[in-house]
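These notes concern the structure reproduced below.
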Amino acid sequence: MKKLKIKGAALALVFAIGAMPALPGYAQNDGIPVSKMSRARALGGDADEVNQQSKMQYDQMLKQAHDKDVVATDRNPQLIRLRAIADRLIPFTKRWNPDSANWKWEVNLLNSPTVNAFCMPGGRIAFYSGILTKLNLTDDEVAAVMGHEIAHALREHARAQAGKNTATSTALRIGGAALAGYFGFDPRLGDAGGGMLAQGAALKFSRDDESEADLVGLDLAARAGYDPRAGVALWTKMAAINKSQPISFLSTHPTGKDRIKNMNDHMYLVLPVFARAKGLDANKLPPYRSLALPAS
């Protein structure tokens with residue numbers, strides 16, 4: 001990511017996203033509606049096997065990180081912070097996937113400048129220290145990141161993606177071969193064309209998963225008492241340090257602008273949940289306050 005030089009001596013960024021008008025039935029809204037998970041999961045392998053593979057991969061990753069002495073110790077203040085936030089989010093995961101009640105949750109911190117975090121199937125979470133320091137995240141913003149990553153695991157996006165890719169690739173390649181036979185051109189061209197179409201479809205699947213994870217993550221954060229407007233602040237920061245954003249249509253991730261719009265479009269559903277968790281009036285929430293990006 002490209003760094004952005006922050007001008008001025010501002011200590012805080014103020015996000016006045018919370019000035020929402022009173023709406024009929026506002027207090028009755030109960031978060032993001034839970035939708036059915038993709039049927040394509042059935043094509044992506046057995047859930048228990050996927051979780052076992054996930055555990056092996058996560059343990060291997062940790063072993064390699066330990067060998068390089070980049071795993072934060074249990075006394076690390078940032079790791080303590082991450083685990084405290086996770087402890088508040090996890091009780092609300094069953095709403096999105098009942099199986100998560102039996103997951104063996106883990107949270108670890110890797111000392112690396114990488115701006116990233118992930119949650120593998122089965123609830124295995126890892127943050128890179130770079131995302132905390134380079135974005136100067138508040139607890140609410142950490143909850144937005146963590147909620148998003150947890151959402152991918154809860155909704156079994158990796159398993160569904162594998163199933164979608166398999167089904168789509170097979171169908172489009174068969175279709176390409178059939179067209180090649182009908183029109184009389186080289187079957188290899190039909191196969192290549194089918195492969196290109198499959199790749200495009202997979203990109204769309206992934207963008208849908210990212211958008212769903214954004215909303216599920218906000219829902220989890222709001223129920224745990226973290227301000228969901230932090231998700232907008234987070235992606236505003238992301239846009240600031242990453243000037244070159246990919247074109248949405250060709251990217252597996254929506255652009256920051258698209259993500260922010262999606263979150264704001266659904267904010268009326270999660271703000272009442274957050275207000276209830278904090279014992280506040282949803283129509284009188286103060287503006288969300290973030291922290292400035294570090295000067296560089």
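The values are calculated or read from the model by the stated rules, or taken from the named source; none is laboratory data. Computed from a predicted model, the values in this text were never measured in an experiment. Backbone-built Cβ (ideal geometry, glycine too); neighbour counts: all protein chains shown.
Scanning the range 40-49 turns up no residue that is under 30 Å from Gly225 (Cα atoms) and either modelled with pLDDT of 90 or more or not hydroxyl-bearing (Ser, Thr, Tyr) (or both). Considered as a group, the residues in the range 241-262 that are assigned to a helix (DSSP H, G or I), modelled with pLDDT under 85 and among the hydrophobic types (A, V, I, L, M, F, W, C) include one that is surrounded by the fewest Cβ atoms within 10 Å (Cβ to Cβ), and that residue is Leu250. Looking across the range 253-296, the residues that are under 20 Å from Ser206 (Cβ atoms) and hydrophobic (A, V, I, L, M, F, W, C) come down to Ile260, Met263.
Among the residues of the range 81-138, the one identified as crowded, with 21+ Cβ neighbours inside 10 Å and charged (D, E, K, R) is Arg124. A search for C-beta distances below 6 Å between a residue of the range 115-134 that is closer than 23 Å to Thr93 by Cα and in a strand (DSSP E or B) and any residue that is β-branched (Val, Ile, Thr) and at pLDDT 95 or above, counting only pairs 6+ apart in sequence or on different chains, returns Ala117/Val145; Cys119/Ile125; Cys119/Ile150; Ile125/Val107.
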